[in-house]
């Protein structure tokens, strides 16, 4: 929408209130109003507030000497929302208003933000997915085939730079791993050698501490045996290419490395997956849709064991998995209906020929 403002470029008062809001607890408790937020939530809220400040700056309304709460008026927020709605998907608009509201609740808790909460809940009630999710779901074997093909193409390539081939191999491995092990993209991107990916007794394992997982449950799983040789090929051959031969400070243990030699961000992971799947299937899949693909496949192929999907996906509640079951039933109903139409068409052709 507009140029984003890093936190370091926020007005001094905004930075002061934000830092106070996310201040960690001390030895005897305390901490800011946002101390309970996870690192990921903190980033999401900061991005939402960033977008608001950027919009104000673009409109010439960002007075650095004003209290942050004084800049937020109903008239301005309504104008902000209307402008976003003309350019952005409903859930993007909702996410940005949620970020603004959450930031203000901890930065200016003494103010009454009920009116902003009402706008937030109104947007949530109106929001509808911008694209049809069901039509984009793919079978897990199709995703694995794509990932393996990307890796094979990187291995066989005789043209192009070594780094571009390494990026292709990396993306193929990520797609395969994300299909086998349904991690959230934040966890996938943050993986570090020796901490999250380690070799134990000759086998690779993926481990995340409870505080690093959305559901606050420790994650400990074997790296897929079928992908182990591919992983070692990546670590030995392609990752050093991406690191440009000399590991940079802070990135020497990053599992997923960008073309610039730094740790791949979770936004970059999502972009690469969306780009690769869009080219392959004509319609893109986000990393989160890999989870839908898996749960829906379980529901279609073995509906009696739909509860297994909760374990696979790490859902804290079975209600979340049941939504995938309903998706699967919708898909199956659509397929049966399409099959019926084909049969009817064939029958009509036969009657016309007699």
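The values are calculated or read from the model by the stated rules, or taken from the named source; none is laboratory data. It should be emphasised that the depicted structure is a prediction, and the values quoted were computed from it without experimental measurement. Reconstructed Cβ throughout: ideal geometry from the backbone, glycine too, with neighbour counts over all protein chains shown.
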_Where a residue in segment 62-79 is over 13 Å from residue 100 (Cα atoms) and its partner, wherever it lies, is in a loop (DSSP other than H, G, I, E, B), with Cβ under 6 Å and at least six apart_ = 64/11
_Enumerated strands (runs of 3 or more DSSP E) restricted to segment 159-248, each holding at least 3 residues that are under 20 Å from the mean Cα position of the chain (by Cα) and farther than 23 Å from residue 260 by Cβ_ = 203-208
*For residue 166, indicate whether it is buried (at least 17 other Cβ atoms within 10 Å of the Cβ), touching a strand residue (DSSP E or B) at 6+ places or on another chain (Cβ under 6 Å) and more than 25 Å from residue 293 (Cα to Cα).*
no
_What's the number of the only condition in (1) modelled with pLDDT of 90 or more; (2) in a loop (DSSP other than H, G, I, E, B) that residue 81 fails to meet?_
(2)
*Working carefully through the options 4, 105, 13, 74, find the one that is at pLDDT 85 or above, under 30 Å from residue 211 (Cβ atoms) and surrounded by fewer than 19 Cβ atoms within 10 Å (Cβ to Cβ).*
105
